[in-house]
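To keep things clear, I will list the structure first and then write my remarks on it.
The values are calculated or read from the model by the stated rules, or taken from the named source; none is laboratory data. It should be emphasised that the depicted structure is a prediction, and the values quoted were computed from it without experimental measurement. Positions of Cβ are backbone-derived with ideal geometry, glycine not excepted, and every protein chain shown enters the neighbour counts.
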Amino acid sequence: MRRSLTRVGRVAVPTPQQFHDRVLAQADPQRRLQVPEQAWWEIFPFEPDSLVVKPLDPLTLPEPPRAGEGGVGCARCADPDADAVWANERWTLVAFGEPRLPLSVMVMPREHLDFGDLGDAMAAELGVISARVARAVEALDGIGRVHVYKIGDGGAHLHQFLLARPAGMLQLRGSCLTLWEEMLPVVPPDESAAVLRVAVGALEDLGKGRL
C-alpha cells in the first residue's frame with residue numbers, strides 16, 4: 001500500500017490530492033473534462049452539443065464551513081417554525097415559498113443535526129415521515145413520482161427534500177428533476193396548498209398541521 005493512502009478501518013482511500021490528480025489526468029489541457037454521458041439522456045434538459053464543461057478548480061482544503069456549521073448562525077435554529085406546514089416535537093415539514101412542482105417541501109429536525117448525527121430512532125422517524133408523504137402524494141391524480149434528495153453541501157442543518165414530479169412529463173423524471181424545476185413556472189397557490197394538505201394529512205397522527 002502506498003503511504004499516501006489513508007486507512008479507514010480496513011478500507012484504503014486516496015488522499016484528496018490523489019483523487020484530484022486522477023481526475024485531472026482525464027482532463028484536456030484546459031483542465032476540462034468531457035461532457036458526461038447523461039448529457040445524451042432523453043431527460044437531460046440541454047442540447048449536449050451546446051455544452052462546455054467548466055475547467056476544474058484547484059483543491060480547496062480545508063473546505064469552508066457551510067451555513068450554520070456547528071449551529072453558529074443557523075437560520076433554521078433561529079426560527080425553527082419558519083414556513084412550516086406541519087411539526088411535532090422533533091421534526092418540521094417546511095414548504096417552498098414559490099414552488100414550481102406540485103409538491104416542494106423539506107423535512108428538517110428541530111434540533112441542529114445533520115444526517116449522520118441522527119440516532120437510529122430519529123433516522124427511523126425520518127423514514128416514516130418521508131414514506132408517508134410520498135405514499136399519500138403519489139396516490140394523487142397528476143403525480144408521477146415523489147423524489148427524495150439529501151445533499152447537504154449548502155447548509156449544516158439537515159434538510160431532506162421531497163419533490164413531486166408531474167405525471168406524464170417524462171423529461172422531468174430521474175436525476176435531472178432539480179435542473180428542470182428552476183425553469184418551470186410557479187405553481188398557483190391554490191394548487192400547491194391542496195397538495196400540501198394531502199402531505200400534512202398523512203402525518204396528522206404524528207404531530208400538528210399548520211395549514
| Out of (1) among the aliphatic types (A, V, I, L, M); (2) assigned by TED's automatic domain parsing to the domain that holds Glu181; (3) in contact (Cβ under 8 Å) with a residue 12 or more places away in the chain, what's the single condition that is false for Leu59? | (2)
| Unique match (being loosely packed, with under 14 Cβ neighbours inside 10 Å and in contact with a helix residue (DSSP H, G or I) (Cβ under 8 Å, 6 or more places away or on another chain)) among Pro62, Pro48 | Pro48
| field | Unmet requirement for Arg7, which otherwise passes all of (1) within 20 Å of the chain's Cα centre (by Cα); (2) basic (Lys, Arg); (3) at pLDDT below 95 | value | (1)
| query | If you go through the range 82-102, how many residues are without any contact (Cβ under 8 Å) to a residue 40 or more places away in the chain and either among the small types (Gly, Ala, Ser) or surrounded by fewer than 13 Cβ atoms within 10 Å (Cβ to Cβ) (or both)? | reply | 2
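Out of everything in the range 103-144 that is of a type in the set (Lys, Arg) and within 28 Å of Met169 (Cα to Cα), what residue ends up being surrounded by the fewest Cβ atoms within 10 Å (Cβ to Cβ)?
The residue in question is Arg135.
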| Scope the range 169-211; condition of a type in the set (Asp, Glu) and surrounded by fewer than 16 Cβ atoms within 10 Å (Cβ to Cβ); matching residues | Glu182, Asp190, Glu191, Glu204, Asp205
| task | Please specify each residue of the range 14-44 satisfying the condition of being loosely packed, with under 13 Cβ neighbours inside 10 Å and closer than 25 Å to Leu177 by Cα. | result | Gln34, Pro36, Glu37, Gln38, Trp40, Glu42
| field | The listed residue being more than 23 Å from the chain's Cα centre (by Cα), modelled with pLDDT of 95 or more and not acidic (Asp, Glu), out of Leu93, Leu61, Leu113, Leu101 | value | Leu61
| What number of residues in the range 27-43 are out of contact with any helix residue (DSSP H, G or I) (no Cβ under 6 Å at 6 or more places or on another chain), closer than 22 Å to Leu170 by Cα and touching a residue at least 12 places away in the same chain (Cβ under 8 Å)? | 3
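Quickly run through the range 110-131 and pick out the residues that are touching a helix residue (DSSP H, G or I) at 6+ places or on another chain (Cβ under 7 Å) and not aliphatic (A, V, I, L, M).
Residues of the range 110-131 that are touching a helix residue (DSSP H, G or I) at 6+ places or on another chain (Cβ under 7 Å), as a first pass: 112, 118.
The one that is touching a helix residue (DSSP H, G or I) at 6+ places or on another chain (Cβ under 7 Å) and not aliphatic (A, V, I, L, M): His112.
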| request: Say whether the condition of being in contact with a Pro (Cβ under 7 Å, 6 or more places away or on another chain), over 24 Å from Cys74 (Cα atoms) and not aromatic (Phe, Trp, Tyr) is met by at least one residue in the range 105-113. | output: no
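Among strands (runs of 3 or more DSSP E) lying entirely in the range 104-201, which contain 3 or more residues that are of a type outside the set (Val, Ile, Thr) and closer than 30 Å to Gln38 by Cα?
143-149, 160-166
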